[in-house]
Amino acid sequence: MLKPILLSFFCFIQISGFSQNMVPNPSFEALNKASTFWITNHTVFEERIKEWTTPNLGSPDIFSNKLIKKISPLRKGVILDPHQARTGEVMIGIKTYGCASRTQHCKEYIQIKLTEQIERNKSYYIEFWVNQMATSLHVNNIGLVFSDVEIQDNSEYGIHYFDVAINEKSIIKTAPNEWVKISGTVKADDNYDYIIIGNFYTDGETETSSKEESIPYSYYFIDDVLVRPTDAISQSLTDANLSEGSTITLNEIQFENGQDVLLQHSYLQLDELLKILKENKDLQIQVNGHTDDRGEVADNLDLSNRRAERVVNYLIQNGIKKERIKSKGFGEAAPIADNETDEGRKQNRRVEFVVL
């Protein structure tokens, strides 16, 4: 039997540290088959993507960066060309508003079974990222719920009987590829195995805004879904020594192998660093990047520079003045452990900051 979801919600609390993401296929990269057309029913969606399902008769769409310009048939007023996945190659698109306009499948959702059970009385950090399609109506009420069973609802018009775990109450307006994070920390009142993402409010309860060229419904891209317990966090950066000359290693900031692409869980500690910089207006830092000794010296130096710059750019994009932050790459030149072992190399591949 479906249980009501009564969760304690603490809006946008950021925490540090990382344990295993409980969401399989969190960035939708695992596909059975890529798509060059709009998904027309829930069965096709579930055949093409691994792990994810849809809980109602909606038909979420699957977009890959390489194929998005080939999606057919053309739809009046719809612009896809400028959009790309936040990380990796794949993102999902869902409608979240528009039932009064008789838009087919006007409320769409994505659902997945977690790799571990949400446990009663434990706290969990949740985040996912959204980006509004260029000509979409702007709306609020995009959120996430927990369920103890897999939902199979025959409605095209929305699932409105859940209490939301996290929900964005402000209207989400973005430029193409300007991804917005929806996040929060919740304490579960019961055990749950599934999460569902979408709009769990009626159209009448949802706020909208539009521009002249808007289509009569809302459409948002989804990427990078994270659910993790909060009981295995590392020492908070708020306890770090911020005196001049101090060096603090950011153990949770990690990248895809051989690239400067941040792994999803890195944003937890990045946002904690962002909070510290905003609270300490006079604090100036230098972000340093380091690698292990595998590969060419010049390549490692370039990679470490790019990774340090990636961190700095994130901080600047989120409101920190560029005059307060520098970046520098050291490549393999400053190891802190033995490069002859896997564990040693892992420690040497690090980002740190120095208080200036």
Taking Ala308 as meeting all but one of (1) among the aliphatic types (A, V, I, L, M); (2) in contact (Cβ under 8 Å) with a residue 40 or more places away in the chain; (3) out of contact with any Lys or Arg (no Cβ under 7 Å at 6 or more places or on another chain), write down the number of the exception. (3)
If you scan the range 145-178, which residues turn out to be in contact with an Asp or Glu (Cβ under 9 Å, 6 or more places away or on another chain), buried (at least 18 other Cβ atoms within 10 Å of the Cβ) and among the aliphatic types (A, V, I, L, M)? Val145, Ile159, Ile166
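Restricting to strands (runs of 3 or more DSSP E) lying wholly in the range 246-356: which have 2 or more residues that are under 30 Å from Thr230 (Cα atoms) and among the hydroxyl-bearing types (Ser, Thr, Tyr)? I'd like the intermediate steps shown before the answer.
On the way: elements: 247-249, 285-289, 325-329, 351-355.
Fully inside the range 246-356 and qualifying: 247-249.
Being at pLDDT below 90 and not assigned by TED's automatic domain parsing to the domain that holds Pro26 narrows it down to one residue among Glu279, Glu296; which is it?
Details: Glu296 fails: at pLDDT below 90.
Answer to the selection: Glu279.
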Within the set of pairs 6 or more residues apart or between chains, which connect a residue that is at positive phi and touching a residue at least 60 places away in the same chain (Cβ under 8 Å) inside the range 77-92 to a residue that is assigned to a loop (DSSP other than H, G, I, E, B) and not polar (S, T, N, Q) with Cβ atoms less than 8 Å apart? Gly77/Glu213; Gly77/Ile215; Gly88/Phe28; Gly88/Glu29
Please state which of the following conditions Leu74 fails to meet, knowing it meets all the rest: (1) farther than 27 Å from Thr206 by Cβ; (2) touching a residue at least 40 places away in the same chain (Cβ under 8 Å). (2)
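Within the range 196-218, work out how many residues are β-branched (Val, Ile, Thr) and touching a strand residue (DSSP E or B) at 6+ places or on another chain (Cβ under 6 Å). I'd like the intermediate steps shown before the answer.
If we filter the range 196-218 for residues that are β-branched (Val, Ile, Thr), which is where we start, we get 196-197, 202, 206, 208, 215.
Going one step further and asking which of them are touching a strand residue (DSSP E or B) at 6+ places or on another chain (Cβ under 6 Å), we end up with 196-197, 206, 208.
Residues that pass the stated criteria total 4.
The values are calculated or read from the model by the stated rules, or taken from the named source; none is laboratory data. As the structure is a computational prediction, the values presented were derived from the model and not from experiment. Counting neighbours? That spans all protein chains shown, and the Cβs are built from the backbone with ideal geometry, glycine included.
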